[in-house]
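Report on the structure given below.
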């Protein structure tokens, strides 16, 4: 039971990290010095709301491919950070292709980075101990 709670918490936090990471990447190119203090504070409010919406959308779109990978990882005790990062990128790209049939290459790069972040956050919370509750039959 605790393992399932850890997996669910890891997925939620990975979705949040991915959503806020994506919004942060999109806003990095802005000229914040020209905006002044009020402009920056307003932008931070917009980023917080956009991050929550992006996190929810990412969590819904990536749920099926992520769930399939999580079950596979738990059954086979996959514990490599690189594999989780790659799986996050793949789930993000699949989700992007579902939502946008012909994305720009820069969109794929941003989405891949967000997926990588999600995969690594998931690994850090739950993936490092994948399959830990399974007992050997010997």
> Hey, among the residues in segment 107-123 that are touching a residue at least 40 places away in the same chain (Cβ under 8 Å) and surrounded by fewer than 23 Cβ atoms within 10 Å (Cβ to Cβ), which one's nearest to residue 70 (Cα to Cα)?
Replying inline: 113
>> Which numbered condition in (1) closer than 21 Å to residue 118 by Cβ; (2) at pLDDT below 90; (3) touching a helix residue (DSSP H, G or I) at 6+ places or on another chain (Cβ under 9 Å) is the only one that residue 30 fails?
In response: (1)
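Looking at segment 113-126 only, could you name the residues that are assigned to a helix (DSSP H, G or I) and more than 15 Å from residue 54 (Cβ to Cβ)?
First, the residues of segment 113-126 that are assigned to a helix (DSSP H, G or I): 113-125.
The answer is 116, 119, 120, 122, 123, 124, 125.
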>> Can you find a residue that is surrounded by 15 or more Cβ atoms within 10 Å (Cβ to Cβ), more than 19 Å from residue 26 (Cα to Cα), at pLDDT below 90 and out of contact with any strand residue (DSSP E or B) (no Cβ under 6 Å at 6 or more places or on another chain) anywhere in segment 95-106?
In response: no
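Hey, among 90, 68, which residue is surrounded by fewer than 17 Cβ atoms within 10 Å (Cβ to Cβ), within 26 Å of residue 125 (Cα to Cα) and modelled with pLDDT of 90 or more? Break it down into steps so the answer makes sense when it comes.
On the way: 90 fails: surrounded by fewer than 17 Cβ atoms within 10 Å (Cβ to Cβ).
Unique residue meeting the criteria: 68.
Taking the conditions exactly as written (without any contact (Cβ under 8 Å) to a residue 40 or more places away in the chain, exposed (fewer than 14 other Cβ atoms within 10 Å of the Cβ) and part of a helix (DSSP H, G or I)), does residue 9 satisfy them or not? Even if it seems obvious, please write down each step before you answer.
Numbers: without any contact (Cβ under 8 Å) to a residue 40 or more places away in the chain: no; exposed (fewer than 14 other Cβ atoms within 10 Å of the Cβ): yes; part of a helix (DSSP H, G or I): yes.
No.
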> In segment 51-84, how many residues are over 15 Å from residue 129 (Cα atoms) and assigned to a helix (DSSP H, G or I)?
Replying inline: 17
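The values are calculated or read from the model by the stated rules, or taken from the named source; none is laboratory data. Keep in mind that this is a model prediction, so the values were computed, not measured. Here the Cβ is made from the backbone with ideal geometry for all residues, glycine too, and neighbour counts use every protein chain on show.
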